[in-house]
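Asks: Here's a structure for you.
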Ligand code: ADP
Ligand code: MG
């Protein structure tokens, strides 16, 4: 018997990860495609395309088709998926003949969007395609006991969206999604620097600032960083020094929107599960969980324990992989 390849895909708004049963995570690249507007051809996907952001000639346009958590462009998303699968079969040396694929789609995606993703994967030759809800994948990948009758609360702070889900007995009890996350913070940093310094910086610089000296709203020893941008008055390049306190001020609104979503979800939780939450707490995952001080800030604000997932950028991909095993088990049991 030949065993078919089994593949898990985390189709994130910022990053796509691919997990295979035999090799673990085999691909981890930004969800970006570069398109030649004249020929409509895809010229690059992933890291190669992200490198092009803000630097391309006019006819080549880098696109993030999942940017705000919804699929802005089906065709581009489908093309991106196909290129990613192609890369995986090269990188992993897998036989891509009729793989079984589990895809985690952004929560909040409509049934039409889900269908489009399903079809794109299927048309690549997948034998079976399963779609899995993001909070479930995130919780499984964060080592939470999702099958048990206890409330598992997962907070996934991604690029375009943040999700708060309560999972018990293998199913989603409640889930809320907000279109705020790391991208919005980057945007807020750009706006802040423009308003206060009259300097224009690019998205990638803003993201670096956030990662290097960004803090959630906690007291901390102030850090600073030199950044370069274009002076909006003279038009010339200029370097300024920005502090972590300024960055906190810049990203305050996004942080508060995320906190608000967590609060509302917890407040609307069935009373029987509330007790579990006090005991077990909340688990943070997604790239945004890595913002300095995030865990402490949220714990102070919501007064329940807050844990950090073992590998926030990989939880969902790992979860899709483990979900595959569960699906197999269920199918075997059904035979
Ligand atoms: P998605 O699931 O939407 O693709 P990810 O979970 O991959 O998103 O997270 C991507 C986001 O996390 C980006 O906005 C990125 O800037 C942010 N991020 C990654 N590492 C860090 C870090 N160390 N500090 C703050 N933000 C981070
Ligand atoms: Mg994600």
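Residues are listed down the side, and each one gets a yes or a no for (1) within 29 Å of residue 173 (Cβ to Cβ); (2) buried (at least 18 other Cβ atoms within 10 Å of the Cβ); (3) touching a residue at least 60 places away in the same chain (Cβ under 8 Å):
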{"position": "204", "(1), (2), (3)": "no, no, yes"}
{"position": "215", "(1), (2), (3)": "no, yes, yes"}
{"position": "225", "(1), (2), (3)": "no, no, no"}
{"position": "233", "(1), (2), (3)": "no, no, no"}
{"position": "238", "(1), (2), (3)": "no, no, no"}
{"position": "242", "(1), (2), (3)": "no, yes, no"}
{"position": "266", "(1), (2), (3)": "yes, yes, yes"}
{"position": "277", "(1), (2), (3)": "yes, yes, yes"}
{"position": "289", "(1), (2), (3)": "yes, yes, yes"}
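Asks: Follow-up. Restricting attention to segment 135-143, does a residue exist that is more than 16 Å from ligand 1 (Cβ to nearest atom) and over 28 Å from residue 7 (Cβ atoms)?
Replies: No, every residue in segment 135-143 fails to be more than 16 Å from ligand 1 (Cβ to nearest atom) and over 28 Å from residue 7 (Cβ atoms).
Asks: Just checking, how many residues over segment 280-293 are closer than 14 Å to residue 164 by Cβ and within 16 Å of ligand 1 (Cβ to nearest atom)? Working first, answer last.
Replies: Residues of segment 280-293 that are closer than 14 Å to residue 164 by Cβ, as a first pass: 281-286, 288-289.
Those left that are additionally within 16 Å of ligand 1 (Cβ to nearest atom): 283-286, 288-289.
Number satisfying all stated conditions: 6.
Asks: Condition (residue is assigned to a loop (DSSP other than H, G, I, E, B), modelled with pLDDT of 95 or more and closer than 16 Å to residue 290 by Cβ) applied to segment 221-236: is it met by at least one residue?
Replies: Checked segment 221-236: at least one residue is assigned to a loop (DSSP other than H, G, I, E, B), modelled with pLDDT of 95 or more and closer than 16 Å to residue 290 by Cβ.
Asks: Moving on to the next point. Which residues, taken from segment 126-154, are within 16 Å of ligand 2 (Cβ to nearest atom), closer than 12 Å to residue 283 by Cα and in contact with a helix residue (DSSP H, G or I) (Cβ under 6 Å, 6 or more places away or on another chain)?
Replies: Across segment 126-154, the qualifying residues are 138, 140, 141, 142, 154.
Asks: On to the next question. For segment 79-91, enumerate the residues that are buried (at least 19 other Cβ atoms within 10 Å of the Cβ) and either more than 19 Å from residue 321 (Cα to Cα) or at pLDDT below 75 (or both).
Replies: 79, 80
Asks: Among (1) out of contact with any strand residue (DSSP E or B) (no Cβ under 7 Å at 6 or more places or on another chain); (2) in a helix (DSSP H, G or I), there is one condition residue 273 misses while meeting the rest; what is its number?
Replies: All conditions pass for residue 273, except number (1).
Asks: Let me ask another. Pairs needed: first member in segment 107-133, without any contact (Cβ under 8 Å) to a residue 12 or more places away in the chain; second member anywhere, buried (at least 17 other Cβ atoms within 10 Å of the Cβ); C-beta distance under 7 Å; at least 6 residues apart or different chains.
Replies: These pairs meet every condition: 122/129.
Asks: When the residues of segment 165-190 are filtered to those that are within 13 Å of ligand 2 (Cβ to nearest atom) and touching a helix residue (DSSP H, G or I) at 6+ places or on another chain (Cβ under 7 Å), which remaining residue is farthest from residue 132 (Cα to Cα)?
Replies: So the residue we want is 182.
Asks: Would you check which residues across segment 227-249 are in contact with a helix residue (DSSP H, G or I) (Cβ under 8 Å, 6 or more places away or on another chain) and over 22 Å from residue 216 (Cβ atoms) and list them?
Replies: 228, 229, 232, 240
Asks: For residue 39, work out the one condition from (1) surrounded by fewer than 19 Cβ atoms within 10 Å (Cβ to Cβ); (2) in contact with a helix residue (DSSP H, G or I) (Cβ under 8 Å, 6 or more places away or on another chain); (3) in a loop (DSSP other than H, G, I, E, B) it doesn't fulfil.
Replies: (2)
Asks: Please work out which residue is surrounded by the fewest Cβ atoms within 10 Å (Cβ to Cβ), limiting yourself to segment 15-36 and to residues that are more than 16 Å from ligand 2 (Cβ to nearest atom) and over 15 Å from residue 79 (Cβ atoms).
Replies: Looking at residues that are more than 16 Å from ligand 2 (Cβ to nearest atom) and over 15 Å from residue 79 (Cβ atoms), I get 22.
Asks: Which one of these is assigned to a helix (DSSP H, G or I) and closer than 30 Å to residue 19 by Cα: 317, 257?
Replies: 317
Asks: Look at residue 205 and say whether it is assigned to a strand (DSSP E or B) and either at pLDDT 95 or above or assigned by the TED database to the domain that holds residue 63 (or both).
Replies: The answer is no for residue 205.
Asks: Continuing with the same structure: Of the residues 286, 214, which single one is within 16 Å of ligand 2 (Cβ to nearest atom), closer than 14 Å to residue 182 by Cβ and at pLDDT 95 or above?
Replies: Numbers: 214 fails: within 16 Å of ligand 2 (Cβ to nearest atom).
Just a single option satisfies the conditions, and that option is 286.
Here's the yes/no breakdown for (1) within 14 Å of ligand 1 (Cβ to nearest atom); (2) under 21 Å from residue 122 (Cα atoms):
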site	(1), (2)
17	yes, yes
21	no, yes
45	no, yes
49	no, no
54	no, no
58	no, no
65	yes, yes
79	no, yes
89	no, yes
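Asks: Look at segment 175-202 and say how many of its residues are within 30 Å of residue 269 (Cα to Cα) and buried (at least 18 other Cβ atoms within 10 Å of the Cβ).
Replies: Within segment 175-202, residues that are within 30 Å of residue 269 (Cα to Cα) and buried (at least 18 other Cβ atoms within 10 Å of the Cβ) number 10.
The values are calculated or read from the model by the stated rules, or taken from the named source; none is laboratory data. Quick caveat: nothing in here was measured; it's all calculated off a predicted structure. Here Cβ is always computed from backbone atoms with ideal geometry, including for glycine, and neighbour counts include all displayed protein chains.
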